Amino acid sequence: MPTHARPPRVVLVTGASSGIGEAAAHRVARQGDHLALLARGRGALDRVARACDALGAASTTVLPADISRDDEVEAAVAAVMAQHGWIDTVIGSAGVVAYGRVEDVPAEVFDQVVATNLLGSVNLARHVLPVLRTQGAGNLVLVGSVIGHIAVPDMAAYVVSKWGVRALVRQLRVDNRDRPGVRIEYVAPGGVDTPIYRQAATYGDAAGRPPFPVTTPERVAGRALAVADGRRSGGQVGLANEVIRLGFTALPWAYDRLVGPLFAVAAQDQTVDVAPGPGNVMSSREEHNGLRGGHGNALLAIGANAVALARRRVRETGVSRSSSGR
């Protein structure tokens, strides 16, 4: 039920069919606001919309659209304006991931990660900001990542896209200084327990998982909405992000040496076999959508990874000795 008696606001959420976007939609619904839910999969959006109706949303509008397609984003924003005539807040949380070295990820998959994460954010800004500027008020919050501030192994497409999102926010702030009522903000989570890792395109040696310390999509969504309301400042979500960024910038020689082995233990799943494939990058895989990713305890996963890597090293050492003895 609504928490207070103010008039309902109009909130547009992208990536609303899963993870942080779904968590944001739930929180907005509990406040009794109008919701516009944008993502590629209609079935998953309908599931979220039913939940939001039950939680007390003033209304829910389902907008099946691919954020990487400018015409679809334009039509979605136009539909919200036709229904409500106003947009108070936009949370941009749509994103996809690909694992693999630059040369190993197919060009179309690499390009689509950048198109969804970065160009999709551009498309959103292109059609939302004229509305907010005309209103003279409103909030656009883009969800980035700590990976938009550092480099990590086998995630070049995601790294490039998230560095770009951070640059986009900075540029939009400069371009819109003449509208002080229009707020453009940014939040950067670290590891979050969402399905994005299980849905990722994978062309490397191991599956991805959220790195320790893992937070919840509800926490990130709450921070994004608090930033939109001016109750919190934007930026990093979690102290661990600041430590990682410090290592990357202040001790690059140490960071570059350590990030590979640490990433293998803390941000990958070495215990499962990996079949190369595009995941949900090229098209929605609604059966894998959900609020949480179900990745379990991160510290236990680190322990399991360490054991798996040690066993692999023993096997490789044995094979090497056997081969040299022939």
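None of the figures in this text is laboratory data; all of them are computed from the coordinates on show. Worth saying up front: this structure is predicted, and the values here are computed from it rather than measured. Every residue, glycine among them, receives a Cβ derived from its backbone with ideal geometry; neighbour counts consider all protein chains shown.
Some observations on this one:
- Set Pro217, Pro210: member being closer than 18 Å to Gly293 by Cβ, in contact (Cβ under 8 Å) with a residue 60 or more places away in the chain, buried (at least 16 other Cβ atoms within 10 Å of the Cβ) and in contact with a Phe, Trp or Tyr (Cβ under 7 Å, 6 or more places away or on another chain): Pro210
- Looking across the range 67-99, the residues that are free of Cβ contacts under 8 Å to residues at least 60 places away in the same chain and surrounded by fewer than 21 Cβ atoms within 10 Å (Cβ to Cβ) come down to Arg69, Asp70, Asp71, Glu72, Glu74, Ala75, Ala78, Ala79, Met81, Ala82, Gln83, Gly85.
- Screening the candidates Val165, Val102, Val131, Val114 for the property of being over 12 Å from the mean Cα position of the chain (by Cα), more than 25 Å from Ala275 (Cβ to Cβ) and β-branched (Val, Ile, Thr) yields one hit, Val131.
- Candidate set: the range 233-274, residues that are acidic (Asp, Glu) and under 22 Å from the mean Cα position of the chain (by Cα); chosen: the one surrounded by the most Cβ atoms within 10 Å (Cβ to Cβ): Asp269
- Of the residues Tyr158, Tyr203, Tyr197, the single one that is of a type in the set (Phe, Trp, Tyr) and under 26 Å from Ala250 (Cβ atoms) is Tyr158.
- Residues satisfying the stated conditions in the range 29-44, i.e. in contact with a Leu (Cβ under 6 Å, 6 or more places away or on another chain) and over 16 Å from Gln83 (Cβ atoms): Ala29, Arg30, Ala39
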